[in-house]
Amino acid sequence: MQGNRLLSGAVAGFIATIPMTLVMLTLHRRALPVRHRYPLPPRRITMRAAGKARVRHQLDEGDRTAATYAAHFGYGTATGAVYGALAPHVPGNELLKGTSYGLIVWALSYLGLLPLLDLHRPATREPAERNALMIAAHLVWGAALGAFADQINRPRPGGRSRSAGDRRLRAVGAR
């Protein structure tokens, strides 16, 4: 059962990264002052990691974009898997658990892990508008994560949880 929760959390984390990314890109273009529109954290973190690995100079713009999206969705997937393992042990509704978790992921990442690994400066050194953008994006991610994880794990008639394979089969059968 725990393996299923890890997998469902990972799938939900991957899917939740889609609306998060859309919010990040939209707010970056429309809500930030021009002086704060430098690359978003996923790009900055990925390029910093590529520099530390001494491969950044080998990446063209297409490679940099692909690496950024792969890292961003990979982090969303990995942290989603952790949510999948933890969520059943936390009381409350999925929306509250998910948004709380999204905020915790932001705080642990931008105030702890990323500065510790020297991959991004601490959020305390970022402009308030950029922090607000990233917090909003993580709240969207967390809400979507909680909702998708709940939907995936909700028992169906017959007592089994829904899986991605079950949904695909139903979708194919409906065509």
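For segment 37-75, which positions are outside any helix (DSSP H, G or I) and of a type outside the set (Lys, Arg)?
Of all residues in segment 37-75, those outside any helix (DSSP H, G or I) come to 37-40, 53-55, 59-60.
Hits for segment 37-75 are Tyr38, Pro39, Leu40, Ala53, Val55, Leu59, Asp60.
Every residue, every condition in (1) of a type outside the set (S, T, N, Q); (2) farther than 22 Å from Asn93 by Cα; (3) at pLDDT below 90; (4) part of a loop (DSSP other than H, G, I, E, B), yes or no:
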position	(1), (2), (3), (4)
Ala137	yes, no, no, no
Val140	yes, no, no, no
Leu145	yes, no, no, no
Ala149	yes, no, no, no
Ile152	yes, no, no, no
Pro157	yes, no, yes, yes
Asp166	yes, yes, yes, no
Ala171	yes, yes, yes, no
Arg175	yes, yes, yes, yes
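With respect to Ile45, is the statement that it is modelled with pLDDT of 95 or more and within 18 Å of Thr99 (Cα to Cα) true? Taking the combined requirement at face value, the residue does not satisfy it.
Annotation: of all residues in segment 46-85 being within 26 Å of Pro127 (Cβ to Cβ) and of a type in the set (S, T, N, Q), the one that is surrounded by the fewest Cβ atoms within 10 Å (Cβ to Cβ) is Thr65.
In the set (1) free of Cβ contacts under 8 Å to residues at least 12 places away in the same chain; (2) exposed (fewer than 15 other Cβ atoms within 10 Å of the Cβ), Leu96 fails one condition alone, (1).
Residues in segment 110-134 that are in a helix (DSSP H, G or I), surrounded by fewer than 19 Cβ atoms within 10 Å (Cβ to Cβ) and basic (Lys, Arg): Arg125 alone.
Scanning segment 26-45 for residues that are buried (at least 17 other Cβ atoms within 10 Å of the Cβ) and not aliphatic (A, V, I, L, M) returns His28, Pro41, Pro42, Arg43. The single condition from (1) more than 22 Å from Leu6 (Cβ to Cβ); (2) surrounded by fewer than 15 Cβ atoms within 10 Å (Cβ to Cβ); (3) small (Gly, Ala, Ser) that Ala137 fails is (2). Within segment 90-109, the set of residues being of a type outside the set (Ser, Thr, Tyr) and either closer than 18 Å to Pro19 by Cα or assigned to a helix (DSSP H, G or I) (or both) comprises Glu94, Leu95, Leu96, Lys97, Gly98, Gly102, Leu103, Ile104, Val105, Trp106, Ala107, Leu108. The residues listed here are Gly84, Gly98, Gly92; of these, the one that is under 26 Å from Val11 (Cβ atoms) and within 12 Å of the chain's Cα centre (by Cα) is Gly98.
The values are calculated or read from the model by the stated rules, or taken from the named source; none is laboratory data. Being a predicted model, the structure only gives us computed values, none of them experimental. Quick reminder, even Gly has a Cβ in these numbers, built from the backbone with ideal geometry, and neighbours come from all protein chains shown.
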